[in-house]
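Engineer: The structure under discussion is supplied below as structure tokens; questions concerning it will follow.
The values are calculated or read from the model by the stated rules, or taken from the named source; none is laboratory data. No experiment lies behind these values; they were computed from the predicted model shown. We place every Cβ from the backbone using ideal geometry, glycine too, and count neighbours over all the protein chains shown. Keep in mind that these areas ignore ligands, DNA and RNA; they rest on the heavy atoms of the full protein, side chains included. Shrake-Rupley method; radii C 1.70, N 1.55, O 1.52, S 1.80 Å.
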Amino acid sequence: MSDTKPTDSNQSSELAGKSRMTDDTLLETHTRTFAKAEGNGEGNLSIPIIATAVFTLLFVFGGIYHSRYSADYDPMVFNPEGAPASLGPAAEGGGIEVKLDGEKLYKRNCVACHQADGQGLPGAFPPLVGSAWVRGEPDRMVAIMLNGLSGSIEVAGNTYNSIMTPFSALLDDDEIAAIATYVRSNPDWGNNADRVSTEKVTELRSAHERGNAWKAEEILELFPLDQ
Amino acid sequence: MPSESKSSEIDRSMKLPGLLFLLSAVAWLLTGTVFALLTSIKSTFPGFLANCECLTYGHISAAGSNSILYGWGGNALFGVGLWILARLGRRPIPMPVMLLIGGVFWNIAVTLGVGGIIIGDMTSVMWLEMPSYATTILAISSILIGVWGTLVYRYRQPGPVYISQLYILAALFWFPWIYITAQIFLFYLPARGVVQVVTNWWYAHNLLGLWLAPAGLGAAYYLIPKILGRPVHSYYLATVGFWSLALFVGWGGMSNLVGGPVPAWLVTVGIVASVATLLPVLIIAINHHLTVMDSFDRVAADPSLRFVVFGTISFTLASLIGCVLSLRSVSEISQFTTVMEGNSQHFVYAFFTMIMFGAFYFMMPRILNCSWPSGKLIQCHFWCSAIGITLMLIALYGSGWIQGTQMTAIGAYGDPVHGDFLQIVQNTIPWLHARTASILLISIGQLAFAANILWMLVEAARSCYCGMIGAAKDAQGEKFLPETAAS
């Protein structure tokens with residue numbers, strides 16, 4: 001109980017008894033200060049001059065910073081330094097170009113006959129690797145893909161005899177364009193022809209609408225092979 | 001003197017709830033510090049205790065922050081806050097048993113919550129990790145305690161009102177509001193997308209700024225003039241300080257979202273609000289610092305005042321640093337580093353906790369009517385806490401700032417100067433060792449604190465027992481206390 005000074009004793013500590021305020025005094029003293037300050041101006045109402053300066057600076061800063069970086073409360077501005085973000089062409093209704101994966105479509109539709117490596121099967125299905133039928137203008141290849149082909153066909157000196165099913169009812173124009181582009185521009189297969197546009201497929205589809213598959217001779221007549 | 005008997009009557013009405021809140025606060029403080037110590041050791045020795053899922057970093061880090069915020073922070077705030085409310089209302093607490101019920105359920109909720117975090121039921125939201133079976137109880141008990149605080153204020157003795165009452169009442173009112181709002185927007189009717197992040201930062205910022213801070217400031221406003229026996233310097237500014245704090249803090253949290261996927265104006269308003277918080281901070285600094293300016297010898301001599309003044313100085317510093325950290329150019333460097341952890345420790349420990357320690361040293365002798373048994377333990381507590389937290393802040397601010405500058409340094413060709421990320425991480429290791437050392441030092445101080453409290457309880461129980469024998473002899477029954485608390 002009678003420890004040194006730091007011990008807070010509320011019993012008989014002279015220091016405490018003399019200088020501490022009771023709750024009543026605390027409340028009354030501060031209320032009086034307040035009343036005096038609010039009263040006739042005789043009280044000490046002055047805010048320290050430095051504080052006034054700091055308060056002013058704070059408000060000036062707040063105003064300037066706010067108008068400089070708030071971007072007029074635009075919900076689409078994420079970077080105060082930059083331009084408003086856009087939702088992208090899809091959300092805005094513009095024509096968005098969907099990049100279809102030609103390789104994936106090829107694997108889904110073509111590998112059964114032409115094989116994953118594009119070499120085909122001897123005697124039945126001709127190769128796509130290094131084939132003159134694939135190179136050059138895309139019309140020939142796309143026309144075959146749309147309507148199919150039956151009978152014998154000579155590719156790179158070998159003859160193949162089988163049937164290719166028409167894909168015009170199975171694949172969209174952009175899917176056919178994606179597959180044709182993949183086959184024609186695949187560097188692993190030694191092909192580096194131009195890409196095929198969806199518009200080109202649309203055009204060929206309407207120009208060569210027919211009920212039966214092509215014969216190889218018909219194709220060669222319309223679209224002769226490059227020499 | 002009538003005021004003497006009145007205040008002792010008030011203290012008696014607060015004795016049981018006060019003891020419940022204060023003792024559970026200390027228990028949670030020790031628990032939280034153990035978790036913090038383990039967390040800190042794990043950040044330099046990842047293999048330490050890593051084989052038990054319950055003790056992995058994610059679990060104990062969240063368990064630590066929840067123990068400190070809700071266990072220690074909540075209990076200390078309720079105990080000290082309600083006692084000050086009753087003292088300034090100059091009426092005993094009506095039906096203190098309701099406070100006991102509220103307090104018991106609050107502690108059940110925190111126990112369930114921290115236990116749930118440990119066994120893996122935690123959510124992923126910062127400072128709201130407690131599972132839903134704990135949060136409902138927590139919210140309801142906080143409302144009960146808040147309502148009781150309002151009743152204490154409502155049925156005060158007619159007469160003047162002091163600024164501390166405003167601050168404490170606000171803290172009691174704001175917690176249920178921010179807590180329930182955050183729970184609803186994050187878990188019960190989850191808002192979509194980035195609104196969740198916005199809600200989380202709004203909550204985290206307000207938890208410190210609208211809950212712990214008002215309680216700490218209210219206690220400081222009460223204790224400083226009372227112990228020094230001198231009115232607060234420029235008291236007429238105090239109300240402006242209070243209302244501007246209430247106005248600006250709520251917006252400030254958005255400044256943490258710099259660079260995030262939120263509209264720029266939201267961040268800008270947050271930054272402006274954070275900077276504008278300097279207005280209340282400056283007013284509070286004038287009130288607190290200028291009042292104690294020329295009596296540092298008495299501050300050094302008084303056990304409570306030392307802690308309180310350390311806390312108020314920390315409040316000013318933490319707010320100034322927080323204001324600078326909110327600016328875009330600074331935030332780009334400090335974000336996601338230990339600087340941010342340092343700033344919240346600055347608020348939670350160096351400011352709030354230190355003021356609460358001071359308030360405990362002032363309040364405990366009064367509700368137990370017994371003096372502190374050991375001055376040496378108080379000395380030990382103060383110096384270990386003060387040096388420990390200072391060391392921790394240096395470690396966290398230092399390591400974070402170095403980490404941030406190295407991560408963002410860009411060479412002449414737009415290439416990162418410090419390309420090796422792991423090297424940057426390794427550079428922080430010495431600082432993290434320093435943090436572990438600082439937590440050890442802090443826990444020594446806390447053990448001294450807890451020992452002193454236990455010792456005091458034993459003394460109080462003994463004197464109470466003697467008193468009861470005396471009272472049995474005394475016909476009037478109430479006179480067994482040798483002398484009642486005057487102040």
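Engineer: Please list, by residue number, every one of the GluC sites (Glu not before Pro) in the range A:181-216 that is coil in DSSP and has at most 13 other beta-carbon atoms within 10 Å.
Structural biologist: Here the GluC sites (Glu not before Pro) that fit, given the DSSP loop and packing criteria, are A:GLU209.
Engineer: To continue, here is another question. Given 4 °C and 1.567 mPa s, how large is the Stokes-Einstein diffusion coefficient of the protein assembly as shown in µm²/s, with Rh as the Kirkwood radius over Cα pairs?
Structural biologist: 43 µm²/s
Engineer: State in Å² the accessible area per residue of chain B; use a 1.4 Å probe, count heavy atoms of protein chains only, and round to the nearest integer.
Structural biologist: With all protein chains present, chain B gives 37 Å² per residue.
Engineer: Rg(Cα) of the range B:207-369 divided by 2.2 N^0.38 Å?
Structural biologist: After normalising by residue count via 2.2 N^0.38 Å, the value is 1.10.
Engineer: Given H placed on each backbone N at 1.01 Å, which residues far from A:VAL196 in sequence or on other chains put an amide H within less than 5 Å of it?
Structural biologist: A:THR181
Engineer: Between A:LEU121 and A:ALA207, what is the spin-label point distance in nm, taking each point 7 Å from the Cα along the Cα→C-beta axis?
Structural biologist: 3.3 nm
Engineer: Another question, then. Across the residues of B:294-302, average count of Cβ atoms on other protein chains within 10 Å?
Structural biologist: 2
Engineer: With a/c under 1.5 counting as rounded, go ahead and sort the range B:346-388 into rounded, prolate or oblate using the C-alpha gyration tensor (a ≥ b ≥ c being the square roots of the eigenvalues; past the cut-off, prolate if a/b is larger than b/c, else oblate).
Structural biologist: oblate
Engineer: For the range B:406-444, which chymotrypsin sites (Phe, Trp or Tyr not before Pro) pass both filters: DSSP loop (anything but H, G, I, E, B) and at most 13 other C-beta atoms within 10 Å?
Structural biologist: B:TYR413
Engineer: Quick one: grab Rg to one decimal and Dmax as a whole number for the range A:102-222, Cα atoms only, in Å.
Structural biologist: Both quantities, over Cα of the range A:102-222: 13.0, 35 Å.
Engineer: Between A:ASP194 and A:GLU28, with labels modelled 7 Å along Cα→Cβ, what's the label distance in nm to one decimal, could you check?
Structural biologist: Simple spin-label model gives 10.2 nm for this pair.
Engineer: Report, please, the projected area of the range B:1-161 averaged over directions, based on the convex hull of its C-alpha atoms, in nm².
Structural biologist: Here the figure is 10.4 nm², rounded to one decimal.
Engineer: Quick check for you: which residues of the range B:133-151 have the amide N under 17 Å from the point 7 Å beyond the Cα of B:ILE101 toward its beta carbon?
Structural biologist: Answer for this model: B:137-151.
Engineer: So if I place +1 on the C-beta of Lys and Arg and -1 on the C-beta of Asp and Glu, and nothing else carries charge, what would the dipole magnitude of the protein assembly as shown be about its Cα centre? I want it in debye, nearest 20.
Structural biologist: In debye, rounded to 20, the protein assembly as shown gives about 3380.
Engineer: Write down the Kirkwood hydrodynamic radius of the range B:179-219, to one decimal in angstroms, obtained as one divided by the mean of 1/r over all alpha carbon pairs.
Structural biologist: 10.8 Å
Engineer: Check which residues have an amide H placed less than 5 Å from B:GLN157's amide H, if you skip close sequence neighbours.
Structural biologist: B:ARG90, B:ARG91
Engineer: Any chance you could list the semi-axes, whole Å, largest first, of the equivalent ellipsoid that the Cα gyration tensor gives for the range B:180-253, using √(5λ)?
Structural biologist: 35, 12, 7
Engineer: A drop of at least 50 square angstrom in accessible area, chain alone versus all protein chains together, probe 1.4 Å. Which residues of the range B:255-272 meet that?
Structural biologist: B:ALA264, B:TRP265, B:THR268, B:VAL272
Engineer: Quick one: 3J(HN,Hα) in Hz for the range B:216-222, Karplus 6.51/-1.76/1.60 with θ = phi - 60°, rounded, Gly and Pro as x.
Structural biologist: x, 5, x, 5, 5, 4, 7
Engineer: From the cross-link list A:LYS107/A:LYS200; A:LYS104/A:LYS215; B:LYS42/B:LYS376, which pairs have alpha carbons spaced over 26 Å apart?
Structural biologist: Exceeds cut-off: A:LYS104/A:LYS215; B:LYS42/B:LYS376.
Engineer: Just checking the output field for B:217-229: average partner chain Cβ neighbours within 10 Å of each residue's Cβ?
Structural biologist: For peptide B:217-229, the averaged partner shielding equals 3.
Engineer: Per the 1.4 Å probe, what fraction of the accessible area of the range A:102-222, in percent, lies on carbon and sulfur atoms?
Structural biologist: Accessible surface attributable to carbon and sulfur in the range A:102-222 totals 50 percent.
Engineer: Another one. Ignoring ligands, DNA and RNA, what percent of the 1.4 Å accessible area of the range B:311-418 is carbon and sulfur?
Structural biologist: Of all accessible area on the range B:311-418, carbon and sulfur atoms account for 72 percent.
Engineer: Once you average over the residues of A:54-64, how many Cβ atoms of partner chains fall within 10 Å of each Cβ?
Structural biologist: Averaged over the peptide's residues, the number is 3.
Engineer: Using a 1.4 Å probe and counting only protein heavy atoms, how much accessible surface gets buried when A and B come together, both sides summed, in Å² to the nearest 100?
Structural biologist: 4700 Å²
Engineer: Quantify, in whole percent, the carbon and sulfur part of the accessible surface of the range B:1-161 (1.4 Å probe; protein heavy atoms only).
Structural biologist: The value for the range B:1-161 is 72 percent carbon and sulfur by accessible area.
Engineer: If I histogram all Cα-Cα distances within chain B using bins 10 Å wide from 0, what percent of pairs lands in each bin?
Structural biologist: 4, 19, 30, 28, 13, 5, 1, 0, 0, 0
Engineer: Sticking with this one: Distance between Cα centroids, the range B:212-247 to the range B:181-205: provide it in whole Å.
Structural biologist: If you average the Cα positions of each part, the centres end up 31 Å apart.
Engineer: Mind checking the range B:1-87 for chymotrypsin sites (Phe, Trp or Tyr not before Pro) that DSSP puts in a loop (not H, G, I, E or B) and that have at most 14 other Cβ atoms within 10 Å?
Structural biologist: Here the chymotrypsin sites (Phe, Trp or Tyr not before Pro) that fit, given the DSSP loop and packing criteria, are B:PHE48.
Engineer: Decide, for the range A:142-194, between rounded, prolate and oblate: order the square roots of the alpha carbon gyration tensor eigenvalues as a ≥ b ≥ c, take rounded if a/c falls under 1.5, and otherwise choose prolate if a/b is larger than b/c, else oblate.
Structural biologist: oblate
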